[in-house]
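Peer 1: Quick one: the structure is below, and I'll ask about it shortly.
Every number in this text was worked out from the coordinates using simple rules, so none of it is lab data. Remember, predicted model here, so these are calculated numbers, not experimental data. Glycine also receives a Cβ, built like all others from the backbone with ideal geometry; neighbour counts cover every protein chain displayed.
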Amino acid sequence: MARKTFISYKYSESQKLRDDILKVMGDDASYYQGETADSPDQTDNETNTIKENLKDMMFNTSVTIVIISPNMTDSKWIDWEIEYTLKEMKRGETTSRTNGIVGVIAKHNGAYDWLVNYTEREDGCSSSRSFKSSLLYEIINENRFNEKEEKYSCEECKTYNQLSSSYISLIDEDKFLRDHDKYIENAYEKSQNINEYKIVKQVEGGQDV
């Protein structure tokens, strides 16, 4: 089922991946609520005006796709956009629900090792991933491995399930582009079962929404 989505990304380094995501979404891209080539130029607008325009785009969405790129934390907007879509916001008689969120890791120089370290276990049971958390916003780190009832995909290895253990799952762009519906729907389903997660909606010092 198509979900209304918002794509949060650093324009200067992720525009192509944003376009690739819209392309694989096909007809579902009509539900895309974020920036497009036809969006008005906001470079001269005041910060509050830009925020209000972004709020208009995000308010009725149910899934936020965050493109994880090497310099994303230099953006003035991505962490604020994540916080906004995590919160329940009221407009008139309508209250938005917390969005499901999925992070799509962009390839850099043809690989993901700028962010991800892969470790092979000696027993051959499984491989595990670790992330360079300093390259991620705190709001993302705080919503990783936050399932209230700790569950392992392998009890012996004590490894976590990539999709269910974190409210914000991080998926390689190749995997996401091959099966975007799977990951968008997974994010949406977690938003419908939000009480199963310890959600952090705003970190200390976060921007007001």
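Peer 1: Which residue, ILE101, SER165, TYR112, has the largest displacement toward the positive end of the dipole of the chain when charges sit on each Cβ (Lys, Arg +1; Asp, Glu -1)?
Peer 2: SER165
Peer 1: Given H placed 1.01 Å from N in the peptide plane, which residues other than close sequence neighbours of TYR32 have an amide H under 5 Å from its amide H?
Peer 2: Those lying under 5 Å, H to H, from TYR32 are THR5.
Peer 1: How big is the charge dipole of the chain about its Cα centre, in debye rounded to the nearest 20, if each Lys and Arg gets +1 on its Cβ and each Asp and Glu gets -1 on its Cβ?
Peer 2: Dipole about the Cα centre, nearest 20: 240 debye.
Peer 1: Let me ask you something else. When the chain is modelled as a GNM with alpha-carbon springs shorter than 10 Å, which of SER96, SER75, SER130 fluctuates the most?
Peer 2: SER130
Peer 1: Positive end of the dipole of the chain, charges at C-beta (+1 Lys, Arg; -1 Asp, Glu), about the Cα centre: which of ALA37, PHE59, PHE6 has its Cα farthest in that direction?
Peer 2: The Cα lying farthest towards the positive end belongs to PHE59.
Peer 1: Highest first, please rank the peptides 6-14, 173-181, 86-94 by the mean number of other Cβ atoms sitting within 10 Å of their residues.
Peer 2: By packing density, highest mean first, the sequence is 6-14, 173-181, 86-94.
Peer 1: Give the long-range amide H neighbours of SER169: residues separated by 5 or more places, or on another chain, with amide H under 5 Å away, using H modelled in the peptide plane at 1.01 Å from N.
Peer 2: GLY103
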